[in-house]
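S.K.: Got a structure here, written out as structure tokens. Questions coming.
The values are calculated or read from the model by the stated rules, or taken from the named source; none is laboratory data. Just so it is clear, the structure is predicted and the values come from calculations on it, not from any experiment. All Cβ positions, even for glycine, are placed from backbone atoms using ideal geometry, and neighbour counts span all protein chains on display. Side chains are part of the model used for accessible areas, which takes the heavy atoms of the whole protein and leaves out ligands, DNA and RNA. Shrake-Rupley method; radii C 1.70, N 1.55, O 1.52, S 1.80 Å.
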Amino acid sequence: MDKRSWAEPYKIKMVELLKMTTLQERKAAIRAAGFNTFLLKSEDIYIDLLTDSGVGAMSDRQWAGLMMGDEAYAGSRNFYHMRDAVSEYYSYQYTVPTHQGRGAENILSQILISEGDYVPGNMYFTTTRLHQEIAGGQFVDVIIDEAHDPDSTHPFKGNVDISKLDQLVAKVGADKIPYVCIATCVNMAGGQPISLHNLKAVRDWCDQHQVLLVHDMTRVAENAYFIQQREPGYQDKTVKEIVYEICALTDAATMSSKKDAMVNIGGFLAMNDEGLYERACELVVVYEGLHTYGGMAGRDMEALAIGIKESVQDNHMRARIGQVEYLGQQLEAASVPVVKPFGGHAIFLNARAILPHIPQSQFPAQALAAALYVESGIRSMERGAVSAGRNAKTGENFMPKLELVRLTIPRRVYTQAHMDVTAESVVRVMQSADQVKGLRFTYEPKMLRFFMGRFTEVDTDD
Ligand code: F0G
């Protein structure tokens, strides 16, 4: 075994200076933002762990690629580079660019879902489920029960419980299931991978019931790295080989290339079926742009083609996951309750355990994210009851088992010292946890409420 540390396989060529703020400034900023970290101004942030989406550091090669942009309305050479990278590394024959992942989700949902359909998936993702609902479908969670347990150390918490698929088909029939949607490195479960063994079983199930298998491949390379590290039989395979094998088991994919592939903007829908491709091309021109740019600039497609290749390198992925694990280890050493095993893109704090005095109806994860910002200028994200939203049919609040704060690590951006500061800050918040108050909505958007919702503190005598 390679005993060397996970040190980065790159060096820093340019830096972005950060503004340092005072406690008073941060208290004012979080109030002005309605206790929602999405509404903070980026310049008021010291370490931004809101997301890993669109915030990675591009390589010098990707920046050079930007200069090679062919900004033709139709048939840009960069589109062909991107399409070729998708088929070489991800196996899909046809690619339709979109402005980001949700653009691809919209098109796919509109094509495949009819009113009254059910779409099973290994846990929901916010935009994915919403597009399924808008198209008339209903999301059904078929992930294994362990995924909902922050203390379970199952190595593949992204796995599907096949018996849940069987139950669904027995209840509604296969003709009401247009496809099974499988995410690699399941975001809402804490960045947890699916095993290839399980994915093959899902493939067999889909073949048996003649149901399509769609892949949300936003973090497929991170998933592949975990397979290499944990799944028997894959230790000698490269991340690149495993990524290809995962993709080749599925029929179509939606991609937010702002994550794994390290571009600031972009996504695509990819598939092997020509008929599906033709229908996607018809819709992409309505919502995104011509089928050879779909909302992306030529230069961004070039950076994406290069980013795809960089994202599947073993040494890149080892440092990427190594840094996330490092933060997890610092927190664990300080007895902070975190979701285990550590995720691929983030460490998730268990807000219920950190703030046991705040009931879930007062959004402990939202309150914890706000408190962490006030403590140190670190921005994180709520992934609990606020994100889960309301049941589209009954209007009732979902109360998910996981009430988490996500410390999401952008790719190739922060240093080990930033991770140390982050861990120290979480510990300080925990030490004065009883000072943190619950929150209630003062403004609740109807859809995706976590983005723009506003809150105020609940006073104990309320
Ligand atoms: N699927 C997954 C698993 C995602 O994590 C995201 C975005 C999307 C689809 C949608 O892609 O943002 O390009 O439209 N996740 C970001 C996050 C926003 O912070 O987790 P998009």
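S.K.: Confirm whether LEU40 is under 17 Å from ARG412 (Cα atoms), touching a strand residue (DSSP E or B) at 6+ places or on another chain (Cβ under 8 Å), of a type in the set (A, V, I, L, M) and open to solvent by less than 20 Å² (accessible area, probe 1.4 Å).
M.R.: In short, no.
S.K.: Take the residues in segment 318-346 that are within 17 Å of PRO155 (Cβ to Cβ) and aliphatic (A, V, I, L, M), then tell me which one is surrounded by the most Cβ atoms within 10 Å (Cβ to Cβ).
M.R.: Applying the filter and picking the extreme gives VAL339.
S.K.: Still on this structure, please answer the following. Might you let me know whether segment 66-80 holds any residue that is more than 16 Å from the ligand (Cβ to nearest atom), free of Cβ contacts under 8 Å to residues at least 60 places away in the same chain and surrounded by fewer than 17 Cβ atoms within 10 Å (Cβ to Cβ)?
M.R.: yes
S.K.: Across segment 98-140, what is the total count of residues that are assigned to a loop (DSSP other than H, G, I, E, B), β-branched (Val, Ile, Thr) and open to solvent by 20 Å² or more (accessible area, probe 1.4 Å)? Can you show your working first?
M.R.: If we filter segment 98-140 for residues that are assigned to a loop (DSSP other than H, G, I, E, B), which is where we start, we get 99-100, 113-117, 122-125, 135-137.
Next, only the ones that are β-branched (Val, Ile, Thr) stay: 113.
Add one more test, that the residue is open to solvent by 20 Å² or more (accessible area, probe 1.4 Å), and what stays is none.
Final tally of qualifying residues: 0.
S.K.: Here is a follow-up. Read through the list (1) within 15 Å of ARG411 (Cβ to Cβ); (2) hydrophobic (A, V, I, L, M, F, W, C); (3) within 16 Å of the ligand (Cβ to nearest atom), then give the number of the only condition that LEU269 fails.
M.R.: For LEU269, the failing item is (1).
S.K.: Taking interchain pairs and intrachain pairs at least six residues apart, which have beta carbon atoms under 6 angstrom, with the first residue in segment 191-217 and in contact (Cβ under 8 Å) with a residue 40 or more places away in the chain and more than 21 Å from GLU231 (Cα to Cα) and the second of a type in the set (Ser, Thr, Tyr) and not in a helix (DSSP H, G or I)?
M.R.: LEU212/TYR179; VAL214/TYR179
S.K.: Return the residues of segment 152-190 that are at positive phi and within 16 Å of the ligand (Cβ to nearest atom); say none if nothing qualifies.
M.R.: CYS185, GLY190 - these are the residues of segment 152-190 that are at positive phi and within 16 Å of the ligand (Cβ to nearest atom).
S.K.: Within segment 216-253, track down each residue that is of a type in the set (Val, Ile, Thr) and open to solvent by 10 Å² or more (accessible area, probe 1.4 Å).
M.R.: Selection gives THR218, THR238.
S.K.: Looking only at segment 45-55, filter to residues that are away from the ligand (no atom under 12 Å from the Cβ) and crowded, with 19+ Cβ neighbours inside 10 Å; which one of those is farthest from MET217 (Cα to Cα)?
M.R.: Looking at the filtered set, the residue picked out is ILE45.
S.K.: Could you go through segment 436-447 and let me know if any residue there is of a type in the set (Asp, Glu) and closer than 26 Å to GLN323 by Cβ.
M.R.: no
Conditions (1) over 21 Å from the mean Cα position of the chain (by Cα); (2) over 30 Å from VAL263 (Cβ atoms); (3) surrounded by 17 or more Cβ atoms within 10 Å (Cβ to Cβ), marked per residue:
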| residue | (1), (2), (3) |
| --- | --- |
| ALA353 | yes, yes, no |
| ILE378 | no, no, yes |
| ALA385 | no, yes, yes |
| GLY395 | yes, yes, no |
| PHE450 | no, no, yes |
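S.K.: Could I ask something else about it? What number of residues within segment 168-196 are open to solvent by less than 40 Å² (accessible area, probe 1.4 Å) and farther than 25 Å from ARG219 by Cα?
M.R.: 5
S.K.: Right, another one. Could you check segment 141-167 and list, in sequence order, the residues that are among the aliphatic types (A, V, I, L, M) and either surrounded by 19 or more Cβ atoms within 10 Å (Cβ to Cβ) or not assigned by TED's automatic domain parsing to the domain that holds SER114 (or both)?
M.R.: VAL142, ILE143, ILE144, ALA147, VAL160, LEU165
S.K.: Among the numbered criteria (1) at negative phi; (2) within 15 Å of the ligand (Cβ to nearest atom), which one does GLY294 miss?
M.R.: Among (1) at negative phi; (2) within 15 Å of the ligand (Cβ to nearest atom), the lone unmet condition for GLY294 is (1).
S.K.: Of the residues LEU199, LEU213, which is open to solvent by less than 10 Å² (accessible area, probe 1.4 Å), under 15 Å from SER91 (Cβ atoms) and outside any helix (DSSP H, G or I)?
M.R.: Numbers: LEU199 fails: outside any helix (DSSP H, G or I).
Among LEU199, LEU213, only LEU213 is open to solvent by less than 10 Å² (accessible area, probe 1.4 Å), under 15 Å from SER91 (Cβ atoms) and outside any helix (DSSP H, G or I).
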